[in-house]
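I'd like to ask some things about the structure below.
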Amino acid sequence: MEFEFHVTLSDLSPQETQTFIRVCDEENVKPVLIELDQGEHIHQPMITGIVHSEYFQDVQRVIEEISITFRNNGFTVVRIKVEIPAREERFFKQPMVPQSRPYFEWHGKVQVEDVNRLKHIFAGTEGHISRNSLHKDGSIRFVTVREYEHADHFYDSVEEIHTILQSNQIELLKQQYELCIYDSREELDRGWI
């Protein structure tokens, strides 16, 4: 099974950002500087990696090793998140990780010149806007849908987002359907989700 993990760090200074990118390169993980369009924790620098295994424990070992490396370089780990493909729905009702609350998440990548228009279009919907500030092109944004209760509602919400994008002639460049099986600090998204 493919596990995608995210290790979020406390916010970075400009000097720390260069070290962060260097350590990510050395560790063969992807650096991401998430900026939420609103919320209590707008800036969320994170490390993203993939582990292929049948066992969650293997992912935990990789995350711990990477976390130690970043701590040893002066960074503070504030959140750990692990996702699997959304098609693995059985783990929504039967959590893989004890005491976790799985949720579905969809990310759609779009390119828009008018970010305020995008925010206006998705106001009052299940779509939440963010960006990766490492992208040189400031017009790239991500629309996220999160669902905690029902798979059907998740897929209906994503379909609604597809319809909104089409009716506003915004091309969906890429999309990803995920099932988050572990999130150590969901509250970091308070005010955004």
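Using only Cα atoms, what Kirkwood radius does the chain have, in angstroms?
About 17.4 Å, per the Kirkwood formula over Cα pairs.
OK, next. By average Cβ neighbour count within 10 Å, what is the ranking of 123-129, 54-60 from highest down?
123-129, 54-60
To continue, here is another question. Equivalent-ellipsoid semi-axes (√(5λ), Cα gyration tensor) for the stretch 1-89, whole Å, largest first?
Listed largest to smallest, the semi-axes of the stretch 1-89 are 23, 17, 10 Å.
Charges at C-beta only: +1 for Lys and Arg, -1 for Asp and Glu. How large is the resulting dipole of the stretch 59-193 about its Cα centre, in Debye rounded to 20?
So the dipole magnitude of the stretch 59-193 works out to roughly 520 debye.
State, as an integer percentage, the relative contact order of the stretch 90-177 based on alpha-carbon contacts under 8 Å between residues 6 or more apart. Present the calculation step by step, with values, prior to reporting the outcome.
Details: 116 pairs, mean separation 35.1, N = 88.
This gives 40 percent for the stretch 90-177.
Another one. Show which aspartates and glutamates lie in cross-link reach of Lys109 when reach means a straight Cα distance below 17 angstrom and same-chain residues fewer than eight apart are skipped.
Here the aspartates and glutamates satisfying the reach criterion relative to Lys109 are Glu35, Asp37, Glu126, Asp137, Glu159, Glu160, Glu171, Glu178.
Return P(r) of the stretch 151-193 (all Cα-Cα pairs; 10 Å bins starting at 0; whole %; ordered from short to long distances).
Once binned at 10 Å, the Cα pair distances of the stretch 151-193 give 21, 39, 35, 5.
What nm distance separates the two modelled labels at Ser100 and His135, each placed 7 Å from Cα along Cα→Cβ?
2.7
Next question. Compute from the Cα atoms of the stretch 90-177 the Rg and the Dmax, the latter being the longest Cα-Cα distance, and quote both in angstrom.
14.4, 43
No lab work stands behind these numbers, since they all come straight from the coordinates. If you're wondering where the values come from, they're calculated on a predicted model, not measured in any experiment. Cβ: placed from backbone, ideal geometry, glycine included. Neighbour counts: every protein chain shown.
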